[in-house]
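Here the structure is laid out as structure tokens; the discussion comes afterwards.
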Amino acid sequence: MNPRLAALQPYPFERLRALHAGVVPATLAPISLSIGEPQHAPPAFVLEAIRDGLGALGAYPTVAGSAALRAAAASWLARRFALPPGAVDPDTMVLPVAGTREALFSFAQAVIDTGGGGRPPLVVMPNPCYQIYEGAALLAGAEPYYLDCRAETGFRPDLAAVPAEVWDRCQLLYLCSPGNPTGAVHSAAELRVAIELAHRHDFVIAADECYADIYADEADPPEGCLAAAAGLGLADFERVVVFHSLSKRTSVPGLRSGFVAGDPKLIAPYRLYRTYHGCALPGYVQAASTLAWNDDAHAADNRRLYAAKFAAVAARLATALPVTVPAGAFYLWPEVAADDTVFARELYRSQNVIVLPGSYLARNAHGTNPGAGRVRISLVAPLADCVEAADRIIDFLGDFRR
């Protein structure tokens, strides 16, 4: 077996299952707020397109996907991020992928070059973060370098504080905006700093923007890395690739549909890689996805559902926990003034509410784990369940703190 597999750490939900092992939860209806799995009803037109497309299963799909799907993705990027018309060439700058998870992983395998000898290259990533970044780096033969995201930096990495020798060894920088688990959003200026660093130190940016259509302020949607590149005059988005998914935007995580877009000099070899990787989207997935990227109304409806949950839950929890509604995504990231693993285990025991310990999403890389003492509360359950969970958490805290 590949010896690099031994470097992989257990996934957060494996650790959560181990934490709960042997615990008998309260005899209340279980409410899971641990996994970022959207539960809103998918748009009817997406389901209809899937049903209508099932008759075409006798043909192999192509890695490049249909021209209609690529055009829909390019058009959405232009609308969503106010890019100039025609800025994204659907033929050379867009590639469908089977959800951002597999793409974020496989992109590192295609990008990382370990042939230079000496110390392994670095893959720089936020801390806490989506653990796929770490696994992708390790299996590509690189070394993860973690950028702590703490309250004092607005839960965003402080790129200016990173030593130059780290950037010199860096081959790939993962950014996530809106962030998981914090919901923090990078400003256009911060994204431009990252792109300038990439050009100065010769590395590539993988911008995970899968939460880009879930945000709190309708008048101020999160900036995107392609727009930041265009603002620097980079017509071909040099050194930048963005990752987008329908899982969160359209509430279809089981569809496994997304796309990557950006620098055509990166997209072309990545497309070659994917020819061997073998994750082409089935025709019915492409047809449904084309409709979804062409429609913005359902995404706005989706945001309103999350906004209602944030308003109801935050108002309740604020009486017992320091909660802040994030700029994007659908998580709360509160401090619990306790060991986060004990908090999560005892909440499960006492109230049958499942949350994820924050320390499971981060690493102790610079002296302390920036997720320690926090929990991730994922507001994906129905509104009534989220409100019930908030009330149970408040009840639990009364006993837990005594």
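Nothing in this text is a laboratory measurement; each read-out follows from the coordinates by a stated rule. Nothing here was measured: the structure is a model prediction, and the numbers come from that model. Neighbour counts are summed over all protein chains in view; Cβ atoms, including those assigned to glycine, are modelled from backbone coordinates with ideal geometry.
Neighbouring Cβ atoms within 10 Å as the yardstick, rank M93, M1, M125 fewest first.
Ascending Cβ contact count within 10 Å gives the list M1, M93, M125.
Express the C-alpha Rg of segment 52-95 as a ratio against the empirical globular expectation 2.2 N^0.38 Å, rounded to two decimals. Mind dumping the intermediate values first?
Details: Rg = 13.0 Å, N = 44, 2.2 N^0.38 = 9.3 Å.
Against the empirical 2.2 N^0.38 Å value, I get 1.40 for segment 52-95.
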Per residue, what volume in Å³ does the convex hull of the Cα atoms of segment 78-139 enclose? 145 Å³
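Counting pairs of Cα atoms in segment 322-371, how many percent are more than 15 Å apart? Could the numbers behind the result be given before it?
On the way: 674 of 1225 pairs.
Distances greater than 15 Å cover 55 percent of the Cα pairs.
With +1 assigned to the C-beta of every Lys and Arg and -1 to the C-beta of every Asp and Glu, and no other charges, what is the dipole magnitude of segment 22-140 about the Cα centre in debye, to the nearest 20? If you can, show how the numbers build up before the last one.
Numbers: 6 positive and 8 negative charges, 32 e Å.
For segment 22-140, the charge dipole is close to 160 debye.
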For the chain, modelled as a Gaussian network with Cα springs under 10 Å, which listed residue fluctuates most, P84, P12, P222? P84
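Kindly state, as a whole number, the per residue volume in cubic angstrom of the convex hull around the alpha carbon atoms of segment 58-295. Don't jump to the answer; show the numbers that get you there.
On the way: hull volume 28.2 nm³, N = 238.
Dividing the Cα hull volume of segment 58-295 by its residue count gives 119 Å³.
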Of V252, V342, V285, which is farthest along the charge dipole of the chain in the positive direction, counting Lys and Arg as +1 and Asp and Glu as -1 at C-beta? V342
Go ahead and set up a Gaussian network model of the chain, Cα springs under 10 Å, then flag whichever of T92, T153, T62 fluctuates most. T153
I need the shape label for segment 221-282. Rule: rounded when a/c is under 1.5, else prolate if a/b > b/c, else oblate, with a, b, c from the alpha carbon gyration tensor. oblate
For K265, K309, what's the fewest-to-most ordering of other Cβ within 10 Å of each Cβ? K265, K309
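Given C-alpha coordinates of segment 271-319, what is the ratio Rg to Rh with the Kirkwood estimate of Rh?
1.31
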If you line up the Cα atoms of segment 10-83 on their principal axes, what length do they span on each, largest first, in Å? 52, 38, 28
Give, in nm to one decimal, the length gained when the segment between V325 and L5 is fully stretched (0.36 nm per residue of separation minus the Cα-Cα distance). 111.5 nm
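Using a cut-off of 9 Å between beta-carbons, work out the net charge of the residues near E143 (Lys and Arg +1, Asp and Glu -1, E143 not included).
On the way: positive: R119, R169; negative: none.
Residues close to E143 contribute a combined charge of +2.
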Run a plain Debye calculation on segment 243-336 (Cα atoms as equal point scatterers, no solvent) and give log10 I(q)/I(0) at q = 0.11, 0.14, 0.22 Å⁻¹, rounded to two decimals, same order as the q list. -0.51, -0.71, -1.11
